[in-house]
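Shown next, in structure tokens, is the structure this report addresses.
The values are calculated or read from the model by the stated rules, or taken from the named source; none is laboratory data. Because the structure is predicted, anything quoted here is derived from the model rather than measured. Cβ placement follows ideal geometry from the backbone for every residue including glycine, while neighbour counts extend to all protein chains displayed.
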Amino acid sequence: MERNEQSSERLLAAISRVQSHFIDDAEPESVCGMLLQELLKLSGSEYGVICEVVRNAEQAPYLRMQAIRALTLSEEVKGVTAQTAQSPEYRNLMVLCERVLTTREPVILNDPGTHELLSGHSVVNTFLALPIDRGKQLLGIVGLAKRSGGYDEAGLAYLEPFLSTCAQLLEGFRNRRLKMEAENALKQREDRFRAAVHGANDGIWDWNLDTNETYFSPRWKTMLGYEEAELADSYSVWESRLHPEDRDSVLAQLGRYLDGTDERYDVEFRMRKKNGDYCWINARG
């Protein structure tokens, strides 16, 4: 690959374009498609794929194709399709990408006829597969094919800054996806908790020790004779309504549970109602 001042400018311009595209359009398929298109131009390749390394439920890594391109294809048909993905060019590229998944080392193949794993293909005769690393983590793999004159180590070095950009973007997508998954999981837990609170006849209260925020369910408040808006969500509300004769023992048991001395919190005590009477409460946690 030609490496001069002009090619360096092309490389920097390509990096700038994909970074700008990441900001403007955060859809992984769109950004990965642009990444691959730029890689094809920079490397002089005609075919290419970008795969993200993901893990299944058993944490075993596998490849998820994010983009597939051919410079000779029209804009309308560029993208991952069943027909193009099953063509010999892309089957061979995926074989080499699977090899990189195992070795984490680049694969250069300028004579595919000598490689026992690849199917014969008279048109595409040069292949390159590269790991997309971020530190010690393998985030993805790019496969390129059909470069006139083949691929070499110098060409790999030329593409390295662009691959670093690919790694940053893939990591950004992964972190964004993990954040979204965590938020969705939290929302599901909160929805289940609210449904349980709504359907339960027990009063429920929750105390966040880090923020000191407290939640009392509507049922908890009505058990003491209050409407929901009449009683503030505050730990002091709970403690101030403990019967004087029960207060010390209840707080002592709560302390032993919070410091890990007791595995369970199961205690009975009296609590003052709105009308001044006391009712017996069985609290479990």
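Looking at (1) surrounded by 10 or more Cβ atoms within 10 Å (Cβ to Cβ); (2) modelled with pLDDT of 85 or more; (3) not aliphatic (A, V, I, L, M), which is the one condition that is false for residue 212?
Evaluating residue 212 over (1) surrounded by 10 or more Cβ atoms within 10 Å (Cβ to Cβ); (2) modelled with pLDDT of 85 or more; (3) not aliphatic (A, V, I, L, M) leaves (2) as the failure.
A quick yes/no check of all residues on (1) out of contact with any helix residue (DSSP H, G or I) (no Cβ under 8 Å at 6 or more places or on another chain); (2) modelled with pLDDT under 85:
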{"site": "89", "(1), (2)": "yes, yes"}
{"site": "103", "(1), (2)": "yes, no"}
{"site": "116", "(1), (2)": "yes, yes"}
{"site": "128", "(1), (2)": "no, no"}
{"site": "143", "(1), (2)": "no, no"}
{"site": "147", "(1), (2)": "no, no"}
{"site": "160", "(1), (2)": "yes, no"}
{"site": "167", "(1), (2)": "yes, no"}
{"site": "179", "(1), (2)": "yes, no"}
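What are the residues in the range 214-236 that are among the aliphatic types (A, V, I, L, M) and without any contact (Cβ under 8 Å) to a residue 24 or more places away in the chain, if any?
229, 231, 232
Being modelled with pLDDT of 75 or more, closer than 30 Å to residue 226 by Cα, loosely packed, with under 13 Cβ neighbours inside 10 Å and charged (D, E, K, R) narrows it down to one residue among 191, 111; which is it?
The unique qualifying residue is 191.
Of these, 1, 65, 34, which one is of a type outside the set (Val, Ile, Thr) and modelled with pLDDT under 70?
Matching residue, one of 1, 65, 34: 1.
Which strands (runs of 3 or more DSSP E) does the range 194-285 wholly contain that include 2 or more residues that are at negative phi and hydroxyl-bearing (Ser, Thr, Tyr)?
Result: 214-216.
Tell me which residues, restricted to the range 41-56, are surrounded by fewer than 16 Cβ atoms within 10 Å (Cβ to Cβ) and touching a residue at least 24 places away in the same chain (Cβ under 8 Å).
Within the range 41-56, 41 is the sole residue that qualifies.
Kindly list the number of the only condition in (1) touching a strand residue (DSSP E or B) at 6+ places or on another chain (Cβ under 8 Å); (2) exposed (fewer than 11 other Cβ atoms within 10 Å of the Cβ) that fails for residue 178.
With (1) touching a strand residue (DSSP E or B) at 6+ places or on another chain (Cβ under 8 Å); (2) exposed (fewer than 11 other Cβ atoms within 10 Å of the Cβ) applied to residue 178, the lone miss is (1).
Here's the yes/no breakdown for (1) surrounded by 15 or more Cβ atoms within 10 Å (Cβ to Cβ); (2) under 17 Å from residue 281 (Cβ atoms); (3) touching a strand residue (DSSP E or B) at 6+ places or on another chain (Cβ under 6 Å); (4) assigned by TED's automatic domain parsing to the domain that holds residue 276:
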position: 224; (1), (2), (3), (4): yes, yes, no, yes
position: 231; (1), (2), (3), (4): yes, yes, no, yes
position: 240; (1), (2), (3), (4): no, yes, no, yes
position: 257; (1), (2), (3), (4): yes, yes, no, yes
position: 263; (1), (2), (3), (4): no, no, no, yes
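What number of residues in the range 41-72 are in a helix (DSSP H, G or I) and closer than 16 Å to residue 96 by Cβ?
Result for the range 41-72: 1.
Of all the residues that make up the range 219-251, how many are under 43 Å from the mean Cα position of the chain (by Cα) and not β-branched (Val, Ile, Thr)? Can you show your working first?
Step one: filter the range 219-251 for residues under 43 Å from the mean Cα position of the chain (by Cα), giving 219-222, 227-239, 251.
From what's left, not β-branched (Val, Ile, Thr): 219-221, 227-236, 238-239, 251.
Matching residues across the range 219-251 total 16.
Anything in the range 153-209 that is among the hydrophobic types (A, V, I, L, M, F, W, C) and in contact (Cβ under 8 Å) with a residue 40 or more places away in the chain? List them, or say none.
Within the range 153-209, 154, 156, 159, 162, 166, 169, 170, 173, 209 qualify.
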